[in-house]
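Asks: Below are the structure tokens for one structure; questions will follow.
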Amino acid sequence: MVAANCNRFSPFWQSDCIDQWISCRTIYLHLVLGGRLMSILGISAFYHDSAAVFLSEGKIIAAAQEERFSRKKHDAAFPENAINYVLDEASIPLNQVSTVAFYEKPYIKFERLMETYHSFAPKGLTSFISAMTAWLNEKLFMRRLLKDKLAQLGLDCDKIKFLFPEHHLSHAASAFFPSPFDTAAILTIDGVGEWATTTICKGSGSDIQILKESHFPHSLGLLYSAFTYYCGFRVNSGEYKLMGLAPYGNHGSKRVAAFENTIVHELVDIRQDGSFLLNMKYFNFATGLTMCKDKKWHALFGIPKRDPETPLSQAYMDMALAIQNVTERIIFQLAQTTQELTQCDNLVMAGGVALNCVANGKLLKSDIFKDIWIQPAAGDAGGALGAALASWYIGNNQSRRQDTGKDMMAGAYLGPQFHARDIEKTTKRYSAKYRHYSDFSLLARDTAALLADGNVIGWFQGRMEYGPRALGNRSILGDPRNPEMQKKLNLKIKYREGFRPFAPSVLEEDITSYFELKTPSPYMLLVANVMENRKKPLPEGYDNMEMYDRLYHIRSDIPAITHVDYSARIQSVSKETNARYWQLIDAFKTITGFGILVNTSFNVRGEPIVCSPTDAYRCFMRTEMDFLVMDNYLFDKTLQPEWADISDWETEYVLD
């Protein structure tokens, strides 16, 4: 904890107190986290994206978000279902759970809330009353709450050690310890944890040294979320949309330049090292119920807050581009400072802002670091993993065991797996018709042929992914060569905004044939441009065309995954990590000459990614998907019985 004489609202870096704070934290970790940890249950909960993780002797056995089981997107509830799953996957008696690690320190977070409300008083009374009700009833007494909840699941909590690593330490641990690097710089950026909003650390062996941090309310994550809110998208969900909207902005236009100038001169004071201060007279998130002060922003930018689901004008596209540019500038400067402080060749990242794959791709290309690794569950769900890993490595002083050049995430395939008997139960429930293949290679061949014919296919295989991306086990697939595929997937399958781009899954060995990227991107966290020889010229006046005229112009020979700025969010597929998905793409390559597919998450708008065969079949039948493949079972939509489920996804799920 930063020493008491530090001003919480002072400039970014707390350099005058950081050495004392690190020393206190090191002593705390070795006193409280000491002892042999055989099995660790990591938990994140009660803000958004609750999750559970199980470690056995430091190995990641299972990890999953609660939303996948509860079917409530970004579910913040105690992750009862996820805990039951990870313990079941570990196949150990409940009484053998030795440690529970929670991803943040509730008392310090409560301190931040109290100091914040005191600093802004008498403003924020309504927000204060709402927050205090929740904290005094539950969150402040987290140890007792966790014990009560876990006891209901059958755990003997009297024999369990409870640990509470700080929020950004959990992020840092989730980024460094599973990474392929022995030593690395660590950069974590998010909205806010307890006090920290950004940390710069150095990881070496089993140790993480925290070098600098910034404090609430000066937060890059909250700045980006404020623009997400003002552009009419949902905070903590719509940031992806803002990032996808940015390329529609008119690069080099006077309005984009004016918006950027307003941001850096009125909203945020950026220092050379990447530190910054927010001008809080324009923001409302510290004590209010909205992100920013709408009337002041309207006067500042000349456009009102956009109402959700209304048409997007060019002004909001330009605003999205402006904040994306400013965000990238701050990240680059932070990365440069991180490199100078750590003198490391490699960088690892976590925190919600680390999911900004556009910035990540440009950061990699900048060569500030030789290599970058990003935690696939970079947001709060990954905090459960980081808390468990911090407890194992730092608290128990365990040595890291690594395969050279490989990470510990197993491709992020750490969730539930379902087998033939589970699929057959679903087929009986719905009287579903299917064809079963005894030879997967024949199934891959036939599925590839269906994709080449323009069909959209739900693809359900193996263990579910951990993190926000579908990586080929819970995916909807299409032909990237098809110029109508992007429109079809958005409007008839996902039922979401038509401007949103889709990602490619490409054979790892074929990356450089399609993209300006020289490194694998297994977790879909890097954006790069398509190769020059694949691009098609833009028509005269392209930048002045309407949004959808630009979108539907054919820009490359893989138009379904080429965004309006020639970019793509890339997933590379390794035969070693996901043999089945690799085999399918390879079969598609045999037929078409293209070792690449469109990959989007298996869900509709507002729905969590499907988890079970029942989830997958319901989504298949309620959309215009043509075929569904689950394990070795192929379902043809034209052969299925009439769908009798009268529930409507639009009312079942809250639009994100």
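Asks: Among 151-159, 178-186, what's the highest-first ranking by average C-beta atoms within 10 angstrom per residue?
Replies: 178-186, 151-159
Asks: Just grab the label-to-label distance for Thr590 and Ser56, each label 7 Å out from Cα along the Cβ direction, in nm (one decimal).
Replies: For the pair Thr590/Ser56, the computed spacing is 3.7 nm.
Asks: What is the order of Cys292, Cys344, fewest Cβ neighbours within 10 Å to most?
Replies: So the ranking, lowest neighbour count to highest, is Cys344, Cys292.
Asks: Taking the Cβ of each residue in Trp373, Trp392 as the centre, tally the other Cβ atoms inside 10 Å and list the residues starting with the fewest.
Replies: Going from sparsest to densest Cβ surroundings: Trp373, Trp392.
Asks: Among the listed pairs Lys293/Lys362; Lys487/Lys536; Lys281/Lys362; Lys72/Lys637; Lys72/Lys147, which have their C-alpha atoms separated by more than 22 angstrom in this model?
Replies: Lys293/Lys362; Lys281/Lys362; Lys72/Lys637; Lys72/Lys147
Asks: May I pose another question? What 222 nm value per residue comes from the helices of the chain, counting each DSSP H run with n ≥ 4 as -39,500 (n - 2.57) and dividing by all residues, nearest 500 deg cm²/dmol?
Replies: Calculated at 222 nm, the ellipticity per residue is -10500 deg cm²/dmol.
Asks: Hey, another quick one. What nm value, rounded to one decimal, do you get for the distance between Lys296 and Leu655 when each label is placed 7 Å out toward the C-beta?
Replies: That separation, rounded to one decimal, is 3.0 nm.
Asks: Calculate, for Thr183 and Tyr107, the FRET efficiency according to 1/(1 + (r/R0)^6) with r their C-beta to C-beta distance and R0 30 Å; round to the nearest 0.05.
Replies: After rounding, the FRET efficiency stands at 0.40.
Asks: Taking Cα centroids, how far is region 44-58 from region 546-578 in Å?
Replies: The two parts, judged by their Cα centres, are 33 Å apart.
Asks: May I ask you to list the trypsin sites (Lys or Arg not before Pro) in region 330-409 that are in a DSSP loop and have at most 16 other Cβ atoms within 10 Å of their Cβ?
Replies: Lys370, Arg401, Lys406
Asks: Sorting His419, His171, His74, His436 on the 10 Å Cβ count, fewest up front, what's the list?
Replies: By the 10 Å Cβ count, ascending: His419, His436, His74, His171.
Asks: For region 210-286, which trypsin sites (Lys or Arg not before Pro) are in a loop by DSSP, counting at most 16 other Cβ atoms within 10 Å?
Replies: Within region 210-286, the qualifying trypsin sites (Lys or Arg not before Pro) (loop, at most 16 other Cβ atoms within 10 Å) are Arg271.
Asks: Charges only on Cβ, +1 for Lys and Arg, -1 for Asp and Glu: so what's the dipole of the chain about the Cα centre, in debye to the nearest 20?
Replies: With Lys and Arg at +1 and Asp and Glu at -1, about 560 debye.
Asks: Under unit Cβ charges (Lys, Arg +1; Asp, Glu -1), what dipole magnitude, rounded to 20 debye, does region 420-652 have relative to its Cα centre?
Replies: 340 debye
Asks: Near Gly238, within a Cβ-to-Cβ distance under 13 Å, what is the net charge of the other residues, with Lys and Arg +1 and Asp and Glu -1?
Replies: Local net charge: +3.
Asks: Can you tell me which of 352-359, 485-492 comes out highest on packing, and rank the rest after it, using the mean Cβ neighbours within 10 Å?
Replies: The densest-packed peptide leads the list: 352-359, 485-492.
Asks: Exposed loop sites here are GluC sites (Glu not before Pro) in DSSP loop states with at most 10 other C-beta atoms within 10 Å. What is the longest stretch of the chain lacking them?
Replies: Longest gap between qualifying sites, sites excluded: 1-308.
Asks: Compute the relative contact order of the chain as a whole-number percentage, counting only Cα pairs closer than 8 Å that sit 6 or more residues apart in sequence.
Replies: After rounding, I find 16 percent.
Asks: How much net charge surrounds Ser253 when only the other residues with a Cβ under 9 Å from the Cβ of Ser253 are counted, with Lys and Arg +1 and Asp and Glu -1?
Replies: Value of the local net charge: 0.
Asks: What FRET efficiency comes out for the pair Arg435/Gln343, r = Cβ-Cβ distance, R0 = 60 Å, nearest 0.05?
Replies: Using R0 = 60 Å, I get an efficiency of 0.55.
Asks: Quick one: net charge around Ser50, please, counting Lys, Arg +1 and Asp, Glu -1 for every other residue with C-beta under 11 Å from its C-beta.
Replies: Here the charged neighbours net out to -4.
Asks: Name the shape class, rounded, prolate or oblate, that the alpha-carbon gyration tensor gives for region 538-656, where a ≥ b ≥ c are the square roots of its eigenvalues, rounded holds for a/c under 1.5, and otherwise prolate holds if a/b is larger than b/c and oblate otherwise.
Replies: Taking the square roots of the gyration eigenvalues as a ≥ b ≥ c, region 538-656 is oblate.
Readers should treat all values here as calculations from the given coordinates under stated rules, not as data from a laboratory. Values in this document were obtained by computation on a predicted structure and should not be read as measured data. Note that we place each Cβ from the backbone using ideal geometry, even for glycine, and neighbour counts take in every protein chain shown.
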